[in-house]
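Okay, so here's the structure we're looking at.
The values are calculated or read from the model by the stated rules, or taken from the named source; none is laboratory data. Everything numeric in this text was worked out from a predicted model, so none of it was measured. As a convention, Cβ positions derive from the backbone with ideal geometry for all residues, glycine included, and neighbour counts pool all protein chains shown. Keep in mind that these areas ignore ligands, DNA and RNA; they rest on the heavy atoms of the full protein, side chains included. Shrake-Rupley method; radii C 1.70, N 1.55, O 1.52, S 1.80 Å.
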Amino acid sequence: MTGKPRVWISRPTFPDIVARLEPYFEVTAEAVERVFAPAELASRLASLDAAIVGLNQRIGAAEVANAPRLRIVANLAVGYDNLDVPALTAAGIAASNTPDVLSESVADYTWALMLATARHMGAAERWLRAGQWRANGFKDWLGLDTRGRTLGILGLGRIGQAIAHRAAGFGMPVIYHNRSRLPAAVEAGCAARYVDKPTLLAESDFLVLAVPLTGESHHAIGAAELAAMKPTAVLVNIARGGIVDDAALAAALADGRLAAAALDVFEGEPAVHPALLALDNVILSPHIASATWDTRRAMTALAVDNVLALFGHGPHAGHPPSLVNPGVLAARPAP
Ligand code: NAP
């Protein structure tokens, strides 16, 4: 024991970035990916002052019940549906996320999924690799052009706006729906038109989901919403599993009530609904929208900055840059 506060990093990250903690903390970092069961997680947290965790770790009241020293849980993600923030706040524990630094990478990946889906890239590649390419029919693999088609975005926040900014280059008009309409200047910057949710569903040729997972957004796209979409439409979920009812989506895709979909996130992931695995008109990826070298490094750096700052160190000393429950500092001042 060094007498320094203790920080634990639940998954392998980037040693050169994490090294910034070492002058001030006793640092323990996991060397292999694994998910800690609730009891083991609780026992890890019991002796810690800070934890940097991935979104595959669920942390709530039970996990922090015996962690009297714990001051911050820094999530390596912008979404924090894996954290019970009210429970952490009640325990006087700060929670932070990694906003902004991943928006451009996630937007790039969303467009990759949109284009790959519109042009059958997954199915065509599987067909070629299976040795089925004998000749090219003039009417084989016909896909959708993007130009002139309407891009709908549910959740025009940081990521949604980065997605919208790219639409001009593809000649796509943008419509969006949030719970609150954005200021006119933001709408103008994205060339995006506000519509209600029924209009978003009815008019989108490509519908991208970029909302956080909350009680309100759970199954925001279910059987009724899928039935309200154009049968020629493409649905892209880069937000969170659980926002789409995956069983209802698989049924709509199988029945031709929706043309195609792309999913980076799944209900109950890493499990994937078996009906989706059997379909050719859906592109599936293992939750990798933010997985670039630059972005995963920037996410790690922001998590480290939050921990350093809470303990009065680093470039933001005393002012963690991205707390999701900043009020907790008033109730339990930083060490
Ligand atoms: P953000 O800036 O908070 O934007 C979220 C947007 O969704 C806001 O415009 C918000 O506007 C809207 N919204 C929230 N709840 C809504 C609801 N029930 N109905 C309609 N609109 C709603 O968040 P962000 O940084 O863009 O990130 C968005 C989400 O993307 C994250 O929470 C995360 O789950 C996901 N994500 C996924 C990946 C991946 O690897 N696949 C990577 C990064 C992020 P209002 O508040 O006005 O409704």
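Straight-line reach from Lys197: taking Cα to Cα under 15 Å and skipping same-chain neighbours fewer than 8 places apart, the aspartates and glutamates in range are Asp205, Glu216, Glu225. Under a Cβ-Cβ cut-off of 14 Å, what is the net charge of the residues other than Thr292 that fall near it, where Lys and Arg count +1 and Asp and Glu count -1? My count for the surroundings of Thr292 gives -2.
Computed over the chain, relative contact order equals 17 percent, with contacts defined as Cα pairs under 8 Å that lie 6+ residues apart. Within the accessible area of the chain, what % is carbon and sulfur when the probe is 1.4 Å and the other protein chains stay in place? The nonpolar share, carbon plus sulfur, comes to 58 percent. With the cut-off at under 20 Å, measuring from each backbone N in the range 136-167 to a point 7 Å along the Cα-to-Cβ line of Lys197 picks out 151-161.
The residues of the chain have, on average, 46 Å² of accessible surface per residue, using a 1.4 Å probe with all protein chains present. Taking GluC sites (Glu not before Pro) in DSSP loop conformation with at most 16 other Cβ atoms inside 10 Å as exposed sites, the chain has its longest uninterrupted site-free stretch at 34-215.
In a Gaussian network model over the chain where Cα atoms closer than 10 Å are linked, find which of Ser103, Ser47, Ser204 has the largest mean-square fluctuation. The residue with the greatest mean-square fluctuation here is Ser47.
Close amide H pairs (under 5 Å, H built 1.01 Å from N) link Ile153 with Ile175, Tyr176, His177, Val208, residues at least 5 positions away or on another chain.
Per residue, the average separation of C-alpha pairs within less than 8 Å and at least 6 apart gives the range 165-268 a relative contact order of 23 percent.
Based on C-alpha pairs under 8 angstrom that are at least 6 apart in sequence, the range 244-335 has a relative contact order of 18 percent. Other residues with beta-carbon under 11 Å from the beta-carbon of Leu213 carry, at +1 per Lys or Arg and -1 per Asp or Glu, a net charge of -2. Just so you know, the Cα atoms of the chain work out to an Rg and Dmax of 21.8, 72 Å. Under the simplified labelling scheme, the Arg34-His319 pair shows an inter-label distance of 4.1 nm, with each label point 7 Å from Cα along Cα→Cβ. Site pair Val272 and Leu142 shows an inter-label distance of 2.8 nm when each label is modelled 7 Å from Cα along Cα→Cβ. Ligands, DNA and RNA aside, Val101 has an accessible area near 60 Å² when probed at 1.4 Å.
Using the Stokes-Einstein relation with a Kirkwood hydrodynamic radius computed over Cα pairs, the translational diffusion coefficient of the range 23-128 at 25 °C and a viscosity of 0.890 mPa s comes to 152 µm²/s.
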